[in-house]
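To start, the structure under review is shown below, and the notes come after it.
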Amino acid sequence: VAEYYQSEPGIAMHSRTARAAGLALDEVAAARQFTSKDPREAALLRYLKALLEERGRAPMHLHEEAREAGWDDEQILEAIASVALEGFTAMVNVAGEVPVDGSSEASRALQAA
């Protein structure tokens, strides 16, 4: 999601977290493109990517594909919620010109009131 919104702080943070969790560089690169070598993960990611790109109107066959891959409705809803939250965070990062290191600077466009 950070990649989709071109949120540099989000990309950096998620890449660090993924690497710390033991994901290989190729897995991190695949996740940034909403893909995976794992067929189950790939099915869910295709659905989530379509939701993001189509503003919530993903084709029903992608939802069914995710369910057939083993994801239940609760898990799919949790994944949708994660995409929504990450989208909000990415928009704040981009709109507020949040620096990658997370520091605050007086010259930033958005500041906390």
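Quick notes on this structure:
- Helical segments meeting 27 Å axial Cα length and Kyte-Doolittle -1.0 threshold in the chain (DSSP H): 73-95
- Residue among Ala95, Ala84, Ala43 with the largest mean-square fluctuation in a Gaussian network model of the chain, springs linking Cα atoms under 10 Å: Ala95
- Stokes-Einstein D in µm²/s, Kirkwood radius over Cα pairs - the chain at 20 °C with 1.002 mPa s viscosity: 141
- Fewest neighbouring Cβ atoms within 10 Å first, the residues Arg57, Arg32, Arg19 line up as Arg57, Arg19, Arg32.
- Mean residue ellipticity (222 nm) of the chain, computed from DSSP H runs ≥ 4 via -39,500 (n - 2.57), nearest 500: -20000 deg cm²/dmol
The numbers here are math on the coordinates, done by the rules we state, and not lab data. What you see is a predicted model; the values in this text were computed from it and never measured. Note: ideal-geometry Cβ built from the backbone for every residue, glycine included; neighbour counts use all protein chains shown.
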